[in-house]
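Only the coordinates and a few stated rules stand behind these numbers; no lab work does. All figures in this text were calculated on a predicted structure; none of them were measured in a lab. Cβ coordinates were reconstructed from backbone atoms using ideal geometry, including for glycine residues, and neighbour counts include every protein chain displayed.
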Amino acid sequence: MTNEILKENERIDDLQRNGYKIIQDPCRFCFGMDAVLLSGFARAKEGDKVLDLGTGTGIIPILMEAKTDAAHLTGLEIQPDSADMARRSVALNALEHKTDIVTGDIKQASILFGKSSMDVVTSNPPYMIGQHGLTNPHSEKAIARHEVLCTLEDVVSAAADVLKPGGNFYLVHRPFRLAEILICLSAHKLEPKRMRLVYPFIDKEPNMVLIEANRGGRSRLTVEKPLIVYKEQGVYTDEIYDVYGY
């Protein structure tokens, strides 16, 4: 069966959680640590409906299915080939009964799913502004990394539209855009509640930020202790091993 679901250049990677696996194509775009860390930072209660905006290969819904008690998870992806790959990964793990992959535009999320329809929204969106340095702005990797098809504003607006009052939005992004992110969240009545900075090494600057925002919440932000990725070159800290499930 494994060979039947794989296409040219694709491979199957072990996610180290519940025996789950994921299909990836190294010639296109493979998930990174940011997606794994977001799946560990995000919270979903029993019975929650979860939507992942720009799901790519479906890594976040699959990992959150393994890590939480969410009732149903949906991944929204605009690129048909990536959505197809994610759909096949869902089938590979026999998760079709509670995980859907929908091909569509983030800017149409409230039309696709309905306003105030989700308890939790997650997103690992493109980090880079515009097309600086791009040789092919239409390539899969460019679309995943640069704001070619959607902007931060588009992602935050979509999350605000589909979240129920009191629902939570979880985002991973780059610290150099933190001020912009916080302003954008507040403008859409998504109140930042938790934030955690991720450092590659204890003596380096942070290169990721994890944020939880609540729709309609009161103003109070908790800054959690730093998350350090490596204790020495090539050796993860214990907390990273725990997030990965090793």
Backbone HN-Hα couplings from phi across the stretch 60-67 [Karplus 6.51/-1.76/1.60, Hz, Gly and Pro as x]: 5, x, 5, 5, 5, 5, 6, 9
At a threshold of 8 angstrom on Cα-Cα distance, excluding pairs fewer than six apart, so keeping six or more, what relative contact order does the stretch 2-244 reach in percent? 16 percent
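Quick one: length gained pulling Leu6 to Ile202 fully straight, 0.36 nm per residue minus the C-alpha distance? Numbers along the way, then the final one.
Values: separation 196, 0.36 × 196 = 70.56 nm, distance 3.99 nm.
Going from the current span to full extension adds 66.6 nm.
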Rounded to the nearest 500, the 222 nm mean residue ellipticity computed for the chain from DSSP H runs (n ≥ 4, each -39500 (n - 2.57)) alone is -8000 deg cm²/dmol
Mind listing the phi-derived Karplus ³J(HN,Hα) values for the stretch 20-27, rounded to whole Hz, using 6.51, -1.76 and 1.60 with θ = phi - 60°, and x for any glycine or proline? 6, 10, 9, 8, 9, 10, x, 7
Using the charge dipole of the chain (Lys, Arg: +1 at Cβ; Asp, Glu: -1 at Cβ; taken about the Cα centre), state which of Leu6, Cys27, His72 has its Cα farthest towards the positive end. His72
Connecting every pair of Cα atoms under 10 Å apart in the chain and solving the GNM, the largest mean-square fluctuation among Val229, Val209, Val50 falls on Val229
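Quick check: residue separation of Val223 and Phe176 times 0.36 nm, minus the Cα distance between them. What number comes out in nm? Write down the numbers at each step before the final one.
Values: separation 47, 0.36 × 47 = 16.92 nm, distance 1.67 nm.
Gain on extension, Val223 to Phe176, equals 15.3 nm.
Using a simple charge model, +1 on the beta-carbon of Lys and Arg, -1 on the beta-carbon of Asp and Glu, nothing else, what dipole does the chain show about its Cα centre, in debye to the nearest 20? Show your work: numbers first, answer last.
Working: 29 positive and 34 negative charges, 146 e Å.
Computed about the Cα centre, the dipole is about 700 debye.
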Of the residues Ala160, Thr55, Ser219, the Cα lying farthest along the dipole of the stretch 2-244 towards its positive end, which is defined by charges on the beta carbon of Lys, Arg, Asp and Glu, belongs to Ser219
Hey, got a sec? Which GluC sites (Glu not before Pro) in the stretch 150-246 land in a DSSP loop and have at most 16 other Cβ atoms within 10 Å? Glu224
Looking at Gln233, Tyr170, Leu182, which one has the Cα that reaches farthest to the positive end of the dipole of the chain (charges on Cβ: Lys, Arg +1; Asp, Glu -1)? Leu182
Asp52's amide H: which non-local residues (gap 5+, or another chain) put their own amide H closer than 5 Å, with H modeled 1.01 Å from N in plane and none for Pro or chain starts? Thr74, Gly75, Leu76, Thr122
Karplus ³J(HN,Hα) for the stretch 69-77 (6.51 cos²θ - 1.76 cosθ + 1.60, θ = phi - 60°; Hz, whole; x = Gly/Pro) runs 9, 4, 7, 8, 10, 10, x, 10, 9
